[in-house]
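Worksheet: one structure, shown below.
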Amino acid sequence: MNTEENQLIASTTVAADYLRETEIAEIEHERTLYPDARAVGLEALKIVQKHRGWVSDESLRAVAEYLRLPIAELEGVATFFNLIYRRPVGRNVILYCNSVSCWIMGCEQVKDKIAGELGIDFGETTTDGNFTLIPVPCLGDCDRAPVMMVGPDQHRNLDRADLGAIFAQYRKGKE
Amino acid sequence: MVSNPLTRNIDLSRPPFDLAAYEAVDGYRGLREIARGLEPSDVLDKVKDSGLKGRGGAGFPTGLKWSFVPMGDDAPKQKYFVVNADEMEPGTFKDRLLMEGDPHLLIDGMIIASYAIQANTAYIFLRGEYTESERILRKALAEARERGYLGNNILDTGFDLEIILHTSAGRYICGEETALLNALEGKRANPRAKPPFPQVSGLWGKPTIVNNVETVCNLPGIMAWGIDWYRGLTKGNDHGTKLFGVSGKVRSPGCWELPLGTPIRELMEVYAGGMRDGLELKGFLPGGGSTDFMLPEHLDLNLDYDDIAGAGSRLATGTMIVLDSQTCPVGMIGNLMTFFSHESCGYCTPCRDGLPWVNEIFRAFEAGKGSHRDLAILEEHVDYLGPGKTFCALAPGATAPLGSGLRYFREDFERHISEQRCPYKQ
Ligand SMILES: Cc1cc2nc3c(=O)[nH]c(=O)nc-3n(C[C@H](O)[C@H](O)[C@H](O)COP(=O)(O)O)c2cc1C
Ligand code: SF4
Ligand code: FES
């Protein structure tokens with residue numbers, strides 16, 4: 001990465017080959033919402049992640065080239081934020097709240113059950129590629145703790161929930 | 001008269017009001033006043049006179065904050081209004097309710113605020129995990145645009161406004177207003193040095209106001225029903241209503257809109273239904289994870305900025321986290337320290353190095369290896385990480401539950417040391 005520090009790449013053709021048409025269209029839309037390329041950079045990473053699940057080195061380089069941003073800078077941004085995944089994740093990311101209200105309401109015990117059910121710990125992905133389990137701060141539903149998200153969906157009162165049934169929905173290929 | 005201006009349209013068992021339904025109940029009245037010739041300075045005066053204080057944590061008077069924005073012909077043409085919808089403070093669940101329950105209330109408020117400071121672009125900085133809020137807000141924004149309440153020359157006023165919904169890529173520090181501006185600019189979200197204050201030099205160097213979701217949701221009522229009505233809502237010294245939440249082992253946890261100045265006891269016992277059977281109240285954090293513990297003896301104080309400050313804590317977000325007699329206070333504080341140490345942005349040394357050390361010590365206590373030396377180190381950190389010693393308020397926020405916890409629950413720390421285990425674990 002050091003050799004590429006502060007390198008500005010003039011050509012966007014490589015990037016244009018790598019990025020898909022829909023991704024480019026969405027990135028171009030973001031350009032209309034922010035006054036400079038740097039702000040679009042973070043949005044572009046989110047777009048690529050939405051389509052590909054995570055942000056690989058190739059994706060990062062393509063975005064940097066396309067927007068003519070220094071790669072090192074974009075990398076610094078990418079690694080700063082929690083919701084940019086720089087490693088492959090499962091089809092469904094489980095964001096599991098481990099903050100204080102959920103902790104009081106027994107999120108550690110529920111987490112053990114989930115870990116048992118799926119056979120993974122925090123930071124791991126199931127062998128079938130269906131789920132990745134990630135801890136996340138307070139999900140803003142503390143009166144219905146414990147709480148987690150699976151993909152875009154919030155699941156509440158997990159101490160009373162049928163965890164097996166929840167995960168089954170996603171295994172069957174729901175979103 | 002309306003007594004619950006923030007939540008009057010909220011009923012989570014049905015979809016939120018669309019634009020027409022919202023408008024039918026006095027919605028967008030501020031905008032209509034503006035179309036009738038209300039000046040930006042008139043709006044500012046109203047907000048100043050209302051006595052509204054920011055609901056994002058610090059409780060800074062909203063009108064005063066706006067008054068620092070340069071106005072008039074010499075002022076920069078480009079200015080920004082930003083809504084802080086990054087809600088990530090542990091134990092806080094109020095902004096989500098507002099956005100998902102009544103999205104037009106927020107948009108209504110944003111138009112009023114943007115007009116007052118003459119900002120033509122406004123951003124909603126929304127927590128990335130709030131996917132439902134995003135869906136609901138996008139729909140409401142499209143309705144407002146279609147109706148001509150956003151866009152160019154709104155209702156023939158000559159005022160232009162675009163609202164852009166930005167979803168955050170995650171991290172608690174993004175909620176700190178200057179770090180938020182860096183995140184919006186696509187940079188690492190480290191806080192900025194102040195001065196210059198964002199009101200003068202904020203987003204892309206332009207004058208910028210950042211306000212919390214709930215703060216902004218107070219504006220439509222003030223514009224529609226006036227100052228006297230607004231100032232009549234309270235039961236205490238501060239004006240208006242506020243969302244108050246209770247989580248933890250109470251009978252009915254939840255979030256309610258109550259007049260400021262409501263007794264804490266009423267919130268805990270009437271609304272939240274008191275403690276669950278067999279449990280007693282041991283303490284509570286009154287306004288999220290960055291506030292000092294309060295004790296049962298404080299229950300008869302009122303939910304008012306000064307009253308809570310008098311007990312050494314802060315009203316902050318108004319969402320209480322209840323510690324019961326069977327939950328370990330050391331474990332609870334340890335959970336918060338893990339959060340704060342993970343979320344440190346790493347910019348300044350006391351916070352970057354101090355919080356992980358504090359967190360390690362809590363892990364030792366949990367494992368039955370706590371010592372008196374550790375306890376002394378924790379005490380020292382309350383000072384090292386306190387207000388004024390770090391670059392932003394994240395680390396001082398961590399010292400609030402830590403310092404007060406060490407003071408109030410000393411015996412529990414001592415028992416962890418003398419028994420070399422957590423006495424709350426069977
Ligand atoms: C670490 C940290 C996190 C914060 N997170 C939030 C947040 O999520 N939402 C919020 O409105 N304010 C948050 N704040 C407070 C903001 O910096 C700022 O004071 C607030 O958005 C101002 O809005 P108000 O004047 O309407 O209260 C945070 C502050 C700190 C130090
Ligand atoms: S106090 Fe912590 S979060 Fe704030 S600037 Fe310093 S390191 Fe970053
Ligand atoms: S602490 Fe888990 S949702 Fe708030």
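The values are calculated or read from the model by the stated rules, or taken from the named source; none is laboratory data. Every value quoted in this text rests on a predicted model; they were computed, and no experiment measured them. We place every Cβ from the backbone using ideal geometry, glycine too, and count neighbours over all the protein chains shown. Heads up: the accessible areas ignore ligands, DNA and RNA and are worked out on the full protein's heavy atoms, side chains in. Shrake-Rupley method; radii C 1.70, N 1.55, O 1.52, S 1.80 Å.
Using R₀ = 22 Å, calculate the FRET efficiency as 1/(1 + (r/R₀)^6) where r is the Cβ-Cβ separation of B:Asp73 and B:Asp42; round to 0.05. Numbers along the way, then the final one.
Details: r = 18 Å, r/R0 = 0.82.
My answer for the efficiency is 0.75.
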>> Rounded, prolate or oblate for segment B:329-419? Axes are the square roots of the Cα gyration tensor eigenvalues, ordered a ≥ b ≥ c, and the cut-off for rounded is a/c under 1.5.
In response: prolate
>> What is the distance in Å between the Cα centroid of segment B:18-68 and that of segment B:295-362?
In response: 32
> Along the principal axes of its C-alpha atoms, what lengths does segment A:9-154 span, in descending order and rounded to whole Å?
Replying inline: 53, 33, 25
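Here is the link list: A:Lys113/B:Lys249; A:Lys50/B:Lys65; A:Lys50/B:Lys48; A:Lys50/B:Lys187. Which ones come out longer than 32 Å on Cα distance?
Values: A:Lys113/B:Lys249 21 Å; A:Lys50/B:Lys65 38 Å; A:Lys50/B:Lys48 43 Å; A:Lys50/B:Lys187 20 Å.
Correct reply: A:Lys50/B:Lys65; A:Lys50/B:Lys48.
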> If you average the sequence gap of Cα pairs under 8 Å that are 6 or more apart and divide by the length of chain B, what percent do you get for the contact order?
Replying inline: 15
> Given the pairs B:Lys79/B:Lys389; B:Lys94/B:Lys139; B:Lys282/B:Lys425; B:Lys235/B:Lys389, which span a C-alpha to C-alpha distance of over 28 angstrom in this model?
Replying inline: B:Lys79/B:Lys389; B:Lys235/B:Lys389
> Mean projection of the alpha-carbon convex hull of the protein assembly as shown over all orientations, in nm²?
Replying inline: 27.7
> Can you tell which of B:Ser404, B:Phe339, B:Ile361 lies farthest toward the positive end of the dipole of segment B:329-419, using +1 and -1 charges on the Cβ of basic and acidic side chains (Lys, Arg; Asp, Glu)?
Replying inline: B:Phe339
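Taking R0 as 45 Å, what's the FRET efficiency between B:Arg410 and A:Asp153 from their Cβ-Cβ distance, rounded to 0.05? List each step's numbers first, then the result.
On the way: r = 43 Å, r/R0 = 0.96.
FRET efficiency, B:Arg410 to A:Asp153: 0.55.
Find the eigenvalues of the gyration tensor of the Cα atoms of chain B, then list the square roots of 5 times those eigenvalues as equivalent ellipsoid semi-axes, largest first, in whole angstrom.
Numbers: eigenvalues 306, 119, 64 Å².
Working from the Cα gyration tensor, I get semi-axes of 39, 24, 18 Å.
How high is the relative contact order of segment B:33-185, given as a whole-number percent (alpha carbon pairs under 8 Å, six or more residues apart)?
On the way: 196 pairs, mean separation 36.5, N = 153.
It comes to 24 percent, rounded to a whole number.
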> Suppose every K and R has +1 on its Cβ and every D and E has -1 on its Cβ; what is the size of the dipole of the protein assembly as shown about the Cα centre, in Debye to the nearest 20?
Replying inline: 320
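When a/c is below 1.5 the answer is rounded, else prolate if a/b is larger than b/c, else oblate, so apply that to segment A:92-172 with a ≥ b ≥ c taken from the square roots of the Cα gyration tensor eigenvalues.
Values: a/c = 1.65, a/b = 1.53, b/c = 1.07.
Prolate, since a/c reaches 1.5 and a/b exceeds b/c.
Given a 1.4 Å probe, how much area per residue of the protein assembly as shown is accessible, in Å²?
On the way: 23400 Å² over 601 residues.
Accessible area per residue, the protein assembly as shown: 39 Å².
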> Using unit Cβ charges (K, R positive; D, E negative) and no other charged atoms, how large, in debye to the nearest 20, is the dipole of segment B:241-322 about its Cα centre?
Replying inline: 320
> Under a 5 Å amide H to amide H cut-off, with H placed in plane at 1.01 Å, what residues pair with A:Asp153 once short-range neighbours are removed?
Replying inline: none
> Between A:Ala72 and A:His51, what FRET efficiency follows from the Cβ-Cβ distance if R0 is 25 Å, with the result rounded to 0.05?
Replying inline: 0.55
> Given H placed on each backbone N at 1.01 Å, which residues far from B:Tyr80 in sequence or on other chains put an amide H within less than 5 Å of it?
Replying inline: B:Thr208, B:Ile209
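Using alpha-carbon pairs under 8 Å, 6+ residues apart, how would you state the relative contact order of segment B:270-339 in percent?
Values: 88 pairs, mean separation 25.4, N = 70.
Over segment B:270-339, the number comes to 36 percent.
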> Any idea what log10 I(q)/I(0) is at q = 0.15, 0.29 Å⁻¹ for segment B:71-113, Debye with uniform C-alpha scatterers and no solvent?
Replying inline: -0.53, -1.08
> Which value results when the Cα radius of gyration for segment B:19-231 is divided by 2.2 N^0.38 Å?
Replying inline: 0.94
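Need one number: buried accessible surface between chains A and B, 1.4 Å probe, both sides summed, DNA, RNA and ligands left out, in Å² to 100. Please list the in-between numbers first.
Values: alone 9830 and 17120 Å², together 23400 Å².
Buried area (both sides, nearest 100 Å²): 3500 Å².
Suppose we look only past 18 Å in the calculated P(r) of segment B:30-127. What percent of the Cα-Cα pairs does that tail hold?
On the way: 2454 of 4753 pairs.
Distances greater than 18 Å cover 52 percent of the Cα pairs.
Can you give the charge dipole size of chain B about its Cα centre, rounded to the nearest 20 debye, using +1 on the beta carbon of Lys and Arg and -1 on the beta carbon of Asp and Glu? Show your work: numbers first, answer last.
Working: 45 positive and 56 negative charges, 132 e Å.
That gives chain B a dipole magnitude of about 640 debye.
Roughly speaking, to the nearest percent, how much of chain B's 1.4 Å accessible area is carbon and sulfur? Intermediate results must be reported in sequence, preceding the final value.
Numbers: 7510 of 15420 Å².
Of the solvent-accessible surface of chain B, carbon and sulfur hold 49 percent.
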> Which of A:Ala78, B:Gly101, A:Val110 sits farthest toward the positive end of the charge dipole of the protein assembly as shown, with +1 on the Cβ of Lys and Arg and -1 on the Cβ of Asp and Glu?
Replying inline: A:Val110
> At what distance in nm do the modelled label points of A:Asp121 and A:Glu21 sit from each other, each positioned 7 Å from its Cα along Cα→Cβ?
Replying inline: 4.7
> Measuring from centroid to centroid over Cα atoms, what is the spacing of segment B:211-270 and segment B:369-401 in Å?
Replying inline: 32
> What are the ³J(HN,Hα) values, in whole Hz, obtained from phi via the Karplus relation 6.51 cos²θ - 1.76 cosθ + 1.60 with θ = phi - 60°, for each residue of segment B:309-320 in sequence order, with x given for Gly and Pro?
Replying inline: 4, x, 8, x, 10, 9, 5, 6, 7, x, 9, 8
>> 5 Å is the cut-off here: which amide hydrogens, built 1.01 Å from N in the peptide plane, fall below it relative to A:Gly90, excluding neighbours closer than 5 in sequence?
In response: A:Thr132
> Measuring from the lowest to the highest alpha carbon on each principal axis, how far does segment B:150-295 reach, largest first, in angstroms?
Replying inline: 58, 40, 27
> Going toward the positive end of the dipole of segment B:19-231, with +1 on Lys and Arg Cβ and -1 on Asp and Glu Cβ, which of B:Leu181, B:Val216, B:Gly226 do you reach last?
Replying inline: B:Leu181
